[in-house]
Amino acid sequence: MDDINRTEVGNEETGRRENNSWIKRHFNYECYMTFLNGCYSCKWEAQQKKKPRRPLCCCSLRERIFYPWLIMSFFLSTILLFTWVETSNEYNGFDWVVFLGARIWFFWSLVLLSVIGILAAYTTMLVVLGFLLCWEKNELYLHWYHKIMVLIVILLCSFLMWILLTFWRERWLTIGLSLQVFAPYIHLSSISAMVLLSWPVAFYLIHLEGEARMRRYQNTSERRRNKWCTMLTKLRVLQVVVGLPFLLILLCLYVVPFGTYSPCVQEKDKLAPKPNFFGHRGAPMLGPENTIMSFEKAVEQGAHGLESDVQISLDEVPFLMHDYDLRRTTNILEVMPNASDEQSSFFYWDFLSTLNAGKWFADSWIIWLPGSERDYVRSKAPGFQHIGRLFTIERLTKEKITRINVDYKNLFYNGLKEYKAANITINVYLVNEPWLFSLAWCSSIHSVTTDNIQVLKEINHPYYFMTPDFYMFMWIFLDILSAVFIVAIFYSIWLRESQSEKILQGITSYTETPSVRSLHKEVLRVEETL
């Protein structure tokens, strides 16, 4: 009886301490849980702290069936956002293509970026809220408003991905090039992310192991042992489903540098000189494209050359114009709206010279001289330098062409080394983003055509450049450091869970002693009598 009294007093003191601690934290926790349930389930009633028995799954079958759709929406929106951010170098081209169809000039690429960003943030928020609710052992119930929105996100992201895959397929090559530049940094960042992810993974795996041990300790009858065997199988399956992919991904990250290549990982003495700049229609971010002002701005920024587009008027006067019509870069809609769809070469120069060509800034791709006119130009202007496209080495040699001007996407995927070996001078277009310019620099490209000369000229060293020795040092150091941290995290969580299990087992074994059971029976008999 003395032991029982001491235990009761100890329990009262422990309960008093826990109660006081809970009172101190009660208001903050209540607000916290109300916020989580309100955002996730649209239930804004005050949530009391609960201590339920640790379940294997804290949601209904309907919620478990729908949760993969939420995960799908998260991955689709995130992948789409990553894709659109990585293809930012192509935004102007995208805006121009949309303009050809919609006949309205606007920064549609930024609108689409904002929409995709909102969708990705929304799905990420729901996934995080669901994880936090599971962590607090609350039942999940995603409100039907959110479920409808999740399905809309899946449909919209799938539609946009189909649009990009069908009508903008070559732009996907930009993503591959960006991965070449960012590969070392993505690798090192992924290892760091796995260290952070190891904490919830370790907690869940060790939690399942503790659940298995506790049930094994409590089960005594044959019937309960049979149910325990089924439950043990489920627990082991969950451990394999969670732990094995984590382990495989971690091992792949540890050895992935053996199979990656990045032009920006090279020795400093092998780095080529900085590429020259060709102003794409001048400097269209500083002045109206294909105008004297734009050309002067490009020269002021240090352009090595200028790129332009030439059309011939109806009275055979050459003028600078890229588009086939005049609507995007002139005020013809105000002056002669009925003829705005006509090709720009169908007007006389006297009329063309009166149009205002300074309202719109845009760009697309380069067009200069048809190959059929090359002999004629050589005869009239033998000093001109002729520029080829992505021709074969044999054709370039036959036509005596030593310079090529090509789309950067096609060049990097179609034998860059062959042109270098043949001493072909290479210019790539259209390079506006610093990371893409850094890739061209590390790849020994001679020059680039750009709209963004005022920014690229300030780059004095390639971005994301590192030497092979430094990358190897960071790779090995981070592998070892991450392994130590992950082992330490698993061990600390296992140690804490083991101590909790010992306390629970001690309490359980004490309450199951014969004297305590007889005391409980006596108390129940007295209560029934009363």
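Laboratory data are not the source of any read-out in this text; all were calculated from the coordinates shown. The structure displayed is predicted, hence computed values, not measured ones. Glycine also receives a Cβ, built like all others from the backbone with ideal geometry; neighbour counts cover every protein chain displayed.
Table for the structure above
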| item | result |
| --- | --- |
| FRET efficiency for residue 272 and residue 378, using Cβ-Cβ distance with R0 set to 25 Å, rounded to 0.05 | 0.20 |
| Residues of the stretch 441-482 with amide N under 13 Å of the 7 Å Cα→Cβ point at residue 249 | none |
| Gain in span if fully extended, residue 145 to residue 193, counting 0.36 nm per residue against the direct Cα distance | 14.1 nm |
| Estimated FRET transfer efficiency (residue 85, residue 317; beta-carbon r; R0 35 Å; 0.05) | 0.20 |
| Relative contact order (%) - criterion: Cα under 8 Å, at least six apart; region: the stretch 77-158 | 35 |
| Spin-label model distance (nm) - residue 103 vs residue 170, 7 Å beyond Cα toward Cβ | 2.7 |
| Rounded FRET efficiency, nearest 0.05, which uses the C-beta distance separating residue 162 from residue 402 and R0 of 45 Å | 0.60 |
| Distance (nanometres) between label positions extended 7 Å along Cα→Cβ at residue 75 and residue 481 | 3.1 |
| Unsatisfied cross-links (Cα-Cα over 24 Å) in the set 398/457; 270/457; 297/457 | 398/457 |
